[in-house]
Amino acid sequence: MNFIKTTEQSSKYEHLEKMSVAELLQNINNEDKTVPLAVEKALPQIESLVAKIVEKMKLGGRLFYIGAGTSGRLGIVDASECPPTFGVPFDLVNGIIAGGDKAIRCAVENAEDNTTQAWLDLQEQNISQNDVVIGIAASGTTPYVIKGLGKCNENNIVTGCITCNEGSPLALVANFPIVVVVGPEFVTGSSRMKAGTAQKLVLNMISTTTMIQLGKVKGNKMVDMQLSNDKLVDRGVKMIMSEIPVSYEEAATLLSKYGSVRKAVDNYNL
């Protein structure tokens with residue numbers, strides 16, 4: 001198969017600078033509508049990877065995302081949201097970006113081209129055969145990510161990837177590739193747009209489905225969420241009220257005493 005970067009192909013829209021604001025917004029929205037359909041085609045691939053992640057986590061393993069630029073930032077966002085949402089340890093899901101934490105805000109020159117740093121970054125986290133590493137790269141050609149997964153393969157660590165180009169080097173190196181073909185971007189080559197949206201949707205699916213499988217959701221509620229602000233405390237109180245016959249004040253007292261919705265409900269039923 002000849003490898004063609006569809007994410008780099010010319011936009012099907014011309015003369016963007018001549019469009020009105022309304023036209024620009026409508027055309028961007030039209031392109032965005034195609035992304036969930038592209039993700040749908042990759043559902044079997046996503047399912048295979050999630051099943052492996054759940055299997056490894058039940059053995060004490062962790063999940064790592066590695067990426068550069070927008071892809072790296074998306075991995076960090078997903079990882080950082082797991083502890084407050086599901087009440088899991090901060091090191092269960094981890095995001096690593098080429099260039100280190102500085103690269104979260106500012107581009108670090110040539111960081112994505114470094115072929116050895118990803119493995120060094122993973123070793124700093126005491127990576128093991130119980131863990132799963134997912135490389136994220138819209139292009140599927142980022143050296144930092146490809147070589148990082150390659151070293152994981154050499155050390156019998158399960159690898160997955162999220163990319164938007166079929167037949168890419170990244171998809172070929174990953175044990176469990178996820179390929180979401182979104183086609184050319186509205187602004188040619190701007191993969192933070194449709195490709196970035198696709199990656200975010202897939203990351204949401206991976207982490208959320210994994211956590212549900214691990215028992216971190218009851219019914220449809222985040223019963224283990226961290227109570228880090230007034231909005232979440234109020235949500236927690238109302239969740240308790242929906243599970244057991246108590247007033248708002250009683251639920252608030254239980255939540256304050258036990259520190260989580262799950263513990264408050266479980267201890268009430270004892």
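The values are calculated or read from the model by the stated rules, or taken from the named source; none is laboratory data. None of the values given here were measured: they were computed from a predicted structure. With ideal geometry, Cβ positions are generated from the backbone for all residues, glycine too; neighbour counts draw on all protein chains shown. Surface accessibility is based on the protein's heavy atoms, side chains included, excluding ligands, DNA and RNA. Shrake-Rupley method; radii C 1.70, N 1.55, O 1.52, S 1.80 Å.
Please tell me if VAL77 is assigned to a helix (DSSP H, G or I) and of a type in the set (A, V, I, L, M). Steps first, please.
Values: assigned to a helix (DSSP H, G or I): yes; of a type in the set (A, V, I, L, M): yes.
Answer is yes for this residue.
Read through the list (1) closer than 30 Å to GLN129 by Cβ; (2) of a type in the set (D, E, K, R); (3) in contact with a Pro (Cβ under 9 Å, 6 or more places away or on another chain), then give the number of the only condition that GLU47 fails.
So GLU47 meets the others, but not (3).
From the set of residues in the stretch 191-201 that are under 18 Å from SER168 (Cα atoms) and not charged (D, E, K, R), which is nearest to the chain's Cα centre (by Cα)?
Per the stated criteria, the residue is GLN199.
Return the residues of the stretch 177-205 that are of a type in the set (Gly, Ala, Ser) and either at pLDDT below 95 or touching an Asp or Glu at 6+ places or on another chain (Cβ under 8 Å) (or both); say none if nothing qualifies.
GLY189, SER191, ALA195
Looking at VAL261, VAL246, which is the one that is more than 30 Å from LYS52 (Cα to Cα), surrounded by 17 or more Cβ atoms within 10 Å (Cβ to Cβ) and without any contact (Cβ under 8 Å) to a residue 60 or more places away in the chain? Before you say what the answer is, go through the steps one by one.
Working: VAL261 fails: more than 30 Å from LYS52 (Cα to Cα).
One residue alone meets the criteria, VAL246.
Which residue pairs have Cβ atoms closer than 8 Å, lie 6 or more positions apart in sequence or on different chains, and pair a first residue in the stretch 190-219 that is outside any helix (DSSP H, G or I) with a second residue that is of a type in the set (Gly, Ala, Ser)?
SER191/ALA138; SER191/SER139; LYS216/GLY87
Anything in the stretch 51-68 that is open to solvent by 30 Å² or more (accessible area, probe 1.4 Å), touching a residue at least 24 places away in the same chain (Cβ under 8 Å) and part of a helix (DSSP H, G or I)? List them, or say none.
Taking the stretch 51-68 first, the residues open to solvent by 30 Å² or more (accessible area, probe 1.4 Å) are 51-52, 55-56, 58-60, 62.
In the following step, the residues that additionally are touching a residue at least 24 places away in the same chain (Cβ under 8 Å) were identified as 52, 56, 58-60, 62.
Selection gives LYS52, LYS56.
Cβ-Cβ below 6 Å, separation at least six or inter-chain, first residue in the stretch 95-108 and within 18 Å of LEU120 (Cα to Cα), second assigned to a loop (DSSP other than H, G, I, E, B) and open to solvent by less than 20 Å² (accessible area, probe 1.4 Å): which pairs?
These pairs meet every condition: ALA98/ALA68.
Could you tell me whether LYS238 is charged (D, E, K, R) and touching a Gly at 6+ places or on another chain (Cβ under 8 Å)?
Working: charged (D, E, K, R): yes; touching a Gly at 6+ places or on another chain (Cβ under 8 Å): no.
No, not satisfied.
Anything in the stretch 187-198 that is open to solvent by less than 10 Å² (accessible area, probe 1.4 Å) and in contact with a Ser or Thr (Cβ under 6 Å, 6 or more places away or on another chain)? List them, or say none.
The answer is ALA195, GLY196.
Let me confirm something: among MET57, MET19, which residue is of a type outside the set (D, E, K, R) and out of contact with any strand residue (DSSP E or B) (no Cβ under 8 Å at 6 or more places or on another chain)? So that I can check it myself, show each step before the final result.
On the way: MET57 fails: out of contact with any strand residue (DSSP E or B) (no Cβ under 8 Å at 6 or more places or on another chain).
Going through MET57, MET19 in turn, the sole match is MET19.
Does the stretch 105-149 hold any residues that are assigned to a loop (DSSP other than H, G, I, E, B), more than 30 Å from GLY183 (Cα to Cα) and among the acidic types (Asp, Glu), and which are they?
Answer for the stretch 105-149, where residues must be assigned to a loop (DSSP other than H, G, I, E, B), more than 30 Å from GLY183 (Cα to Cα) and among the acidic types (Asp, Glu): just ASP131.
Could you please give the count of residues in the stretch 100-125 that are closer than 22 Å to ALA174 by Cβ and open to solvent by 40 Å² or more (accessible area, probe 1.4 Å)?
10
Which count do you get for residues in the stretch 208-231 that are surrounded by 14 or more Cβ atoms within 10 Å (Cβ to Cβ) and under 22 Å from the mean Cα position of the chain (by Cα)?
So in the stretch 208-231, the residues surrounded by 14 or more Cβ atoms within 10 Å (Cβ to Cβ) come out as 208-214, 216-218, 221-227.
Next, from what is left, pick out any that are under 22 Å from the mean Cα position of the chain (by Cα): 208-214, 216-218, 221-226.
So the count comes out to 16.
I'm checking my understanding of the structure. Among residues of the stretch 15-50 that are charged (D, E, K, R) and either in a helix (DSSP H, G or I) or surrounded by 14 or more Cβ atoms within 10 Å (Cβ to Cβ) (or both), which one is farthest from the chain's Cα centre (by Cα)? Give the derivation first.
Residues of the stretch 15-50 that are charged (D, E, K, R), as a first pass: 17-18, 23, 31-33, 40-41, 47.
Keeping just the survivors that are either in a helix (DSSP H, G or I) or surrounded by 14 or more Cβ atoms within 10 Å (Cβ to Cβ) (or both) gives 17-18, 23, 31-32, 40-41, 47.
On the way: GLU17: 33, LYS18: 36, GLU23: 31, GLU31: 22, ASP32: 19, GLU40: 16, LYS41: 18, GLU47: 14 Å.
Residue satisfying both the conditions and the ranking: LYS18.
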